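Nothing in this text is a laboratory measurement; each read-out follows from the coordinates by a stated rule. The structure presented is a predicted model; accordingly, all values stated were derived computationally and were not measured. Cβ atoms come from the backbone with ideal geometry, glycine included; neighbour counts cover every protein chain shown.
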Amino acid sequence: MRKSVLDFADAADCFVVNEKRPVKVKRDRLPLLFMAFSAFVLALAVSYIFTQIGFETYGVFAFSALLTGLAIPVFYFVAVRPVSRHFSAYAEIKEELQKSEERNRHIISAISDVYWEIDSDLEYSFVSGNAEKVFGYTAEDIAGRNFFEFIPKNKVKEVQEKFDNLAHSVDFSNEFEVWVARDNGNMVCLLMSAIPVRDERDRLTGYRGVLRDITDRKNSEEALKISETKYKIIADNNYDWEFWLNPQGGVLYSSPSCERITGHTAEEFEKNSDLFKNLVHPDDQLVFTENITRFLEEKEKGSVRFRIINRNGEERMMSCYCMPVYDSEGQYLGVRGTNRDVTTRFLVEKKLRESERRFREIIENIHLAAFIMDMDGFVFYCNNFLLNTCDYDQKDVVGRSFFDKFIDGEDAKKLQHFLLGEARHGKAPRHFVCKITTKSGERKTISWNNTVLHNADEDVIGITCIGEDITGREEMYTASMTFGGGYA
């Protein structure tokens with residue numbers, strides 16, 4: 001049976017009445033003994049003097065009187081006063097202990113954590129009143145029940161091992177997590193701090209500690225873990241090279257795709273933050289540094305193109321998009337970016353630009369009218385010969401409908417329906433003749449040769465028309481002219 005604090009107080013030689021003034025019951029008796037010895041010597045001296053002068057009776061009486069007179073205060077100081085102080089100190093200690101117990105009860109009831117005690121059989125001997133918030137049961141319902149009644153069966157062995165380790169090892173952590181079942185069957189996660197309780201013979205008598213409900217925190221951690229796992233799965237399996245730079249430019253994360261592009265692993269980039277910059281082509285170092293610095297320091301989002309030289313010495317063109325990253329409290333965490341290898345597209349675009357350049361040189365240097373229109377009939381290119389023939393500027397023609405700009409009245413609708421309708425089925429006529437109207441209102445007859453344009457998916461995207469001005473020579477084309485002398 002465990003002893004109370006007052007039980008231990010009864011057996012102690014020394015008590016603390018309060019925190020400020022320690023009081024000892026046993027006082028030092030040396031001065032009292034010295035005083036008694038001195039009085040005894042004085043009594044002997046007086047008795048001897050009376051004996052020497054012939055008053056032996058008076059000597060004995062004086063000796064006895066002195067001894068009796070001294071015995072009373074000595075008895076008071078040696079016996080009565082210590083006992084009186086002992087009972088006084090005991091009463092004061094008992095009052096202080098009662099105040100302390102009341103104060104502790106108030107503290108326990110005020111805190112949100114649950115204070116608990118269990119005996120050596122792991123049965124609850126005490127639970128604070130706020131246990132109902134955690135367990136759903138009142139303290140009275142919990143008292144006397146076994147601790148493991150609230151633990152899932154598949155977790156009993158694990159928790160039992162923790163209690164065993166706690167009881168036999170001073171180095172074992174006294175704080176661990178347990179899941180318990182509430183009265184409604186819902187599970188709550190509790191952070192348990194526990195210490196073993198032992199009696200005066202060092203025998204284990206139970207455990208006591210504090211329970212804290214951390215269910216919300218565990219759920220948040222689990223949700224965050226799931227979110228991080230999803231992001232990592234997406235980032236790690238992204239074909240593009242994902243990365244995250246801290247505010248100082250150090251690499252916090254690099255996706256595995258970096259190895260496919262650069263020949264270097266993600267671990268290499270995360271260990272060596274200068275590796276990224278060192279791979280950039282010497283001619284692109286300035287544009288790379290300026291833009292990355294802008295993204296990091298000015299917290300701007302944007303994109304930049306630069307070349308890198310990979311581990312095999314190959315030159316690759318990168319398209320990099322960056323944006324600032326903040327946490328939930330608005331704290332700046334650096335820059336998240338995506339590097340995309342656009343080398344193939346870059347080379348295709350380069351060849352296309354070169355092809356377009358040659359095409360424009362040819363078109364601009366022939367004495368033929370030429371234009372390109374989309375499948376809605378809007379012109380997005382025309383050469384100078386057509387502009388000069390009709391006395392128009394680029395701004396007058398590009399972006400406008402060819403049929404509305406050059407063809408009059410009902411002929412515009414007929415030609416548009418005929419030409420674009422056939423082109424949408426990939427059957428646009430290779431040749432037709434029509435009259436166009438110049439800026440001055442002059443009518444010119446043009447003989448057009450047409451080519452349908454397709455994209456990479458073989459979808460029709462437009463028509464290229466190259467025409468010869470045959471005004472005054474229409475008779476030569478009479479045989480091929482139909483629809484009122486307009487289309488062939």
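Give the calculated FRET efficiency between residue 208 and residue 248 to the nearest 0.05, with a Förster radius of 35 Å applied to their Cβ-Cβ distance.
So the FRET efficiency works out to roughly 0.10.
Shown here is the pair-distance distribution of segment 114-216: with all Cα-Cα distances grouped in 10 Å bins from zero up to the longest one, the shares run 15, 52, 29, 5, 0 percent.
Using Cβ point charges alone (K and R +1, D and E -1), the dipole size of segment 203-289 about the Cα centre works out to roughly 860 debye.
Ordering 280, 319, 241 by the projection of their Cα atoms onto the charge dipole of segment 238-347, which places +1 on the Cβ of Lys and Arg and -1 on the Cβ of Asp and Glu, puts 319 at the extreme positive end. Projecting the Cα atoms of 165, 126, 187 onto the charge dipole of segment 114-216, computed from C-beta unit charges around the Cα centre, puts 187 farthest toward the positive end. Computed from the C-beta positions of residue 408 and residue 301 and an R0 of 51 Å, the FRET efficiency is 0.50 to the nearest 0.05. Charges were assigned to the Cβ only: +1 to each Lys and Arg, -1 to each Asp and Glu. The resulting dipole of segment 366-480 about its Cα centre is roughly 140 debye. At q = 0.17, 0.19 Å⁻¹ the log10 of I(q)/I(0) for segment 366-480 amounts to -0.82, -1.03, computed by Debye summation with a single uniform scatterer per C-alpha, solvent ignored. The rule of thumb for compact globular proteins, 2.2 N^0.38 Å, goes into the C-alpha radius of gyration of segment 252-410 1.57 times.
Taking 0.36 nm per residue of separation and subtracting the current Cα-Cα distance, fully stretching the chain between residue 473 and residue 273 would add 64.6 nm.
Across segment 312-326, computed HN-Hα scalar couplings (Karplus, 6.51 cos²θ - 1.76 cosθ + 1.60, θ = phi - 60°) run 8, x, 7, 8, 10, 8, 10, 10, 10, 10, 10, 8, x, 10, 10 Hz from first to last residue, x flagging Gly and Pro.
By how many nm would the segment from residue 121 to residue 154 lengthen if fully extended, with 0.36 nm per residue of separation less the alpha-carbon distance?
In short, 9.9 nm is gained.
Scalar couplings 3J(HN,Hα) for segment 442-457, obtained by applying the Karplus form with A = 6.51, B = -1.76, C = 1.60 to θ = phi - 60°, are 6, 9, 10, 9, 10, 9, 9, 10, 10, 9, 7, 9, 10, 8, 5, 8 Hz; x denotes Gly and Pro. Here the dipole of segment 206-361 is about 340 debye; that uses its Cα centre as origin and unit charges on the Cβ of Lys and Arg (positive) and Asp and Glu (negative).
Between segment 349-387 and segment 263-304, the C-alpha centres lie 39 angstrom from each other.
Kindly state, to the nearest 0.05, the FRET efficiency for residue 349 paired with residue 222, given R0 = 41 Å and r defined as their beta-carbon distance. Can you show the working numbers first?
Numbers: r = 47 Å, r/R0 = 1.15.
So, using R0 = 41 Å, E works out to roughly 0.30.
For residue 381, nonlocal amide neighbours, meaning residues 5 or more places apart or on other chains whose placed amide H falls under 5 Å from its own, are 372.
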